[in-house]
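A short write-up of the structure that comes next.
The values are calculated or read from the model by the stated rules, or taken from the named source; none is laboratory data. If you're wondering where the values come from, they're calculated on a predicted model, not measured in any experiment. All Cβ positions, glycine included, derive from the backbone under ideal geometry; neighbour counts span all protein chains shown. These area figures cover heavy atoms from the full protein model, side chains too; ligands, DNA and RNA do not enter into them. Shrake-Rupley method; radii C 1.70, N 1.55, O 1.52, S 1.80 Å.
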Amino acid sequence: MKLIKKNTFEDSSDIFKGLNPEQAEAVKSINGPLLIVAGAGSGKTRVLTNRIAYFLEQGIPAYSILALTFTNKAANEMKDRISKMVGDAANKIWAGTFHSIFAKILRFEAEKIGFTSNYTIYDTDDSLSLIKSVMNSLHISQQDLTPQQVRTKISNAKNNMLNWKQLHDGSSFSNDKIIAQIFEAYERKLKENNCMDFDDLILNMIKLLESDRSVLEKYQTKFKYIMVDEYQDTNHAQYLVVNLLARAHQNICVVGDDAQSIYGWRGADIGNILNFQNDYPYCKIIRLEQNYRSTKTILAAADSVIKYNRKQIPKKLWTDNPDGDLIELLQFNDSRDEAERIISKIKMAVSKGKSLKEIAVLYRTNAQSAEFENACRKHNIPYVIVGGMSFYKRKEIKDVLAYLKILVNPMDSESLLRIVNEPPRGLGNTSLRHLQNYAEMHNVSLIKSFELAEMNSDLQKRAAVAAKNFAYMIYKHIAAVANAEYDLPTIVSEYLNETGLFDMYREIGTDESRDKLRNIEAVINDIAYFVKNNPDAGLADYVQQISLISELDEKDISQNKLTLMTIHSAKGLEFDEVFIAGLEKGLFPLTRSDADDSELEEERRLFYVAITRAETKLHISYCEQRFRFGNISQQFPSPFIREIDESLIAKKGSPDRPSARPTMGIPKPAKTRSFFDDIPANESYSQLPPPVFNFKIGDTVKHMQFGVGRITGLSGEGNQRKATVLFSVGKKQLMLAYAKLELIRK
């Protein structure tokens, strides 16, 4: 549903029809540096395309215009829109992504930097494969240092303009020294193969421009007018190359919104847009502050949140749209309750005529999608995962399910082969071939061949030991599953920990790898739910029902589907009705103990992006508890909830306040204590400190699921400390960090 009422700017050209004064001014500003601060829903794309069309109408040659975007789709859409206004001239504009534009230029100039024009571009998989090859040639174990970790480190170094020697000399970490060695060999191999990876397309463009003045002047003259979309998302290397090209004429226009800078984790530098005025002191600044998307209430909520960020360009969004409904704040027992009730609300809305495609459920982490996918299946709600894949189709989840399948069925050789080198165990293709041959020759299962590896004369001793140890690990946990003394979520958690999956993703240390860890944790939590709701069921039952779910036919002939997505994936999209789930401390904002202010401000910008996806209805929710590695964890409302002006929120269970329809900009009045006072203030967002466990053998404790029991054994240290507890339902071994045991008496 669109709520549009536009101010207009009188001009003879069709290009200016329907533009408000600020939009028209941005379109008409041709010469000199220009910063267009484009607030959410302010018509940024229209301004950018109309501006280029205006340039062409004024006689500026299309080939002198360089428009840099972050997706080829955006560039193509821009060309299509312009061509409808000015014809075929649009096809001669240099419009595309940083990588596609510079790859084209480097084809012409490759020999000047030691390549030939037919160089090959390596994608992520190609790059990873070459890194593995380099590590093998240098005899560097992939067990202690994974190729993914190396690739991430090299990419980050390149984006920050660091070569292998600077990485080596600038770090005291031994792993960085080793990575620098791999980096050097990797770069040498790329050059030998006449190849560039994605990061090289930017770096080599910079190298080309800085090393040959005639080439620099050639492209400075060619690209007299430069426009950069989503400037808040540029990294340091992209910043450098843009400013090199713009230095001569300074006809540079950057468009973006610092409040929507949400990609710092992948190298984006918000300082690029914040410091544009310092780079170009005589720049013109135009603020697009009229929002055409959201109601006054939703816009006021976004404004009340983002004002807490210190690093920002001042702006004040406003709208002519109606006030709209208050924001609904929903409180749920746990994540399953949250998903069930949100999907039920959506089902009710659909029964009243709402279209599914007008609704979106947003969440902070990929792992949260599992509960919503399950609820959609249960209620026969067709859905689509945008910007990602179905939870059960993700690689790390398929790996975990393969690990579980082998506990249920050790004869499953396909599952065994999938997991044997996730993470690497020193069993290469040759060793696996020898193990498979042994199994065939002696008519035994593949897992038995692993167990008998020391009898296999074709195997090297190290490989034989690795194979035998792997088999014994599997057997040990098969026995644990059969032992009623242990509860299933704890067994699975310990099992997956012993496989090395947790350590592998921790060592990679990227946001993506941490997301994978959360996804694996979601499986453990799902097992805990399953056991709680099916007390007589076991691991085999769980694996069977998951296998059936993952094989469900998700194809739907109708495009009318509910959208599920992370907030990062939602950027640039809009929906009539939006649910933002999981607003809890530690989950959103997603913070670590070492988080700094810049990370917190990026999390707040992410919340701002989430809020401004909604047109007419916005719901936000939090849970009182969530399963953490199979055990119940107490949750606290996100501090971000407190930052929303209270008069904008209708708390579920409390009467709406229909008279509370604030004029935007009116400060929040002094008030008496309310439910907001129970939400943490914004001084500290770090995770809760690790708990102290002072239990001892003989203590009587209470567990939320198993009831009252007596501690009969203790083992481990810190967050790995475990208690063996005798309950009326039997003996259970619980991890104290997640079990939330209540001490009844000593």
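A few comments on the model shown:
- Number of the condition not met by residue 230 [criteria: (1) under 26 Å from the mean Cα position of the chain (by Cα); (2) within 22 Å of residue 125 (Cα to Cα); (3) among the acidic types (Asp, Glu)]: (2)
- Unmet requirement for residue 67, which otherwise passes all of (1) within 29 Å of the chain's Cα centre (by Cα); (2) surrounded by fewer than 15 Cβ atoms within 10 Å (Cβ to Cβ): (2)
- Taken over the range 50-83, the criterion of being hydroxyl-bearing (Ser, Thr, Tyr) and either touching a Cys at 6+ places or on another chain (Cβ under 7 Å) or at pLDDT 90 or above (or both) is satisfied by 54, 63, 64.
- Residue pairs meeting the criteria (Cβ under 6 Å; at least 6 apart or on separate chains; first closer than 29 Å to residue 275 by Cβ, in the range 308-328; second among the small types (Gly, Ala, Ser) and buried (at least 17 other Cβ atoms within 10 Å of the Cβ)): 315/39; 317/39
- Tabulated pairs, the range 85-110, first within 24 Å of residue 239 (Cβ to Cβ) and without any contact (Cβ under 8 Å) to a residue 60 or more places away in the chain, second among the aromatic types (Phe, Trp, Tyr) and part of a strand (DSSP E or B), C-beta under 8 angstrom, 6+ apart or interchain: 101/94
Residue-wise test of (1) open to solvent by 20 Å² or more (accessible area, probe 1.4 Å); (2) modelled with pLDDT under 90.
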residue	(1), (2)
427	no, yes
430	yes, yes
435	no, no
438	yes, no
450	no, no
464	no, no
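- Counted residues, the range 350-393 - those being in contact (Cβ under 8 Å) with a residue 12 or more places away in the chain and part of a loop (DSSP other than H, G, I, E, B): 11
- Top-ranked residue in the range 511-566 [being open to solvent by less than 30 Å² (accessible area, probe 1.4 Å) and among the polar types (S, T, N, Q); ranked as modelled with the lowest pLDDT]: 513
- Which numbered condition residue 142 fails, given (1) outside any helix (DSSP H, G or I); (2) out of contact with any Pro (no Cβ under 8 Å at 6 or more places or on another chain): (2)
- Residues that are modelled with pLDDT of 80 or more, part of a strand (DSSP E or B) and either more than 18 Å from residue 494 (Cβ to Cβ) or open to solvent by 70 Å² or more (accessible area, probe 1.4 Å) (or both), drawn from the range 695-743: 700, 701, 702, 708, 709, 710, 711, 712, 726, 742, 743
- Just so you know, in the range 142-176 the residues that are in contact (Cβ under 8 Å) with a residue 12 or more places away in the chain and of a type in the set (Gly, Ala, Ser) include one that is least open to solvent (accessible area, probe 1.4 Å), and it is 157.
- When restricted to residues that are touching a residue at least 40 places away in the same chain (Cβ under 8 Å), among the hydrophobic types (A, V, I, L, M, F, W, C) and farther than 16 Å from residue 249 by Cβ, the range 49-67 contains 1.
- Taking (1) closer than 30 Å to residue 597 by Cβ; (2) modelled with pLDDT of 50 or more in turn, residue 692 satisfies each apart from (2).
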